[in-house]
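Written out below as structure tokens is the structure these notes cover.
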Amino acid sequence: MLILDCPNCGARNTQEFRYGGEYNPRPAEPDAADDAAWSSYLYMRHNRLGLQKEWWYHRAGCGLWFLAERDTGSDKVSRTYFWSREQIP
Ligand SMILES: [Zn+2]
């Protein structure tokens with residue numbers, strides 16, 4: 001059984017969660033972003049091997065969207081945490 005730590009609820013079975021995709025921050029200045037920047041934000045994914053920041057949703061629990069850092073090679077999650085505005089580049 002795989003375990004994932006919800007920042008709000010604590011350790012839970014991964015079947016309670018839904019993967020939300022790679023973390024890909026919105027353009028910092030949306031009105032100034034060109035079509036290429038929006039296209040990259042909406043459609044492009046890195047699909048990297050190694051440590052990746054991802055969105056997860058606690059669908060069978062508190063309903064929180066949160067971030068996790070997971071190694072895509074070993075499937076090990078090194079940390080989970082709340083999203084905050086400070087993470088916008
Ligand atoms: Zn939760």
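Residues satisfying the criterion are present in the stretch 23-35 (criterion: at pLDDT below 95 and either under 16 Å from residue 11 (Cβ atoms) or among the polar types (S, T, N, Q) (or both)).
Scanning the stretch 45-65 for residues that are among the small types (Gly, Ala, Ser) and either away from the ligand (no atom under 16 Å from the Cβ) or exposed (fewer than 14 other Cβ atoms within 10 Å of the Cβ) (or both) returns 50, 60, 63. Residue 23 meets each of the listed conditions (1) away from the ligand (no atom under 16 Å from the Cβ); (2) without any contact (Cβ under 8 Å) to a residue 24 or more places away in the chain apart from (2).
Per-residue answers, yes or no, for (1) surrounded by fewer than 12 Cβ atoms within 10 Å (Cβ to Cβ); (2) among the aromatic types (Phe, Trp, Tyr):
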| site | (1), (2) |
| --- | --- |
| 7 | no, no |
| 15 | yes, no |
| 33 | no, no |
| 43 | yes, yes |
| 67 | no, no |
| 73 | yes, no |
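When the stretch 21-31 is filtered for residues that are farther than 28 Å from residue 5 by Cα and surrounded by 10 or more Cβ atoms within 10 Å (Cβ to Cβ), the ones remaining, listed by number, are 27, 28, 30.
The values are calculated or read from the model by the stated rules, or taken from the named source; none is laboratory data. As the structure is a prediction and not an experimental result, all values here were calculated from the model. In this analysis, Cβ positions are derived from the backbone assuming ideal geometry, glycine residues included, and neighbour counts consider all displayed protein chains.
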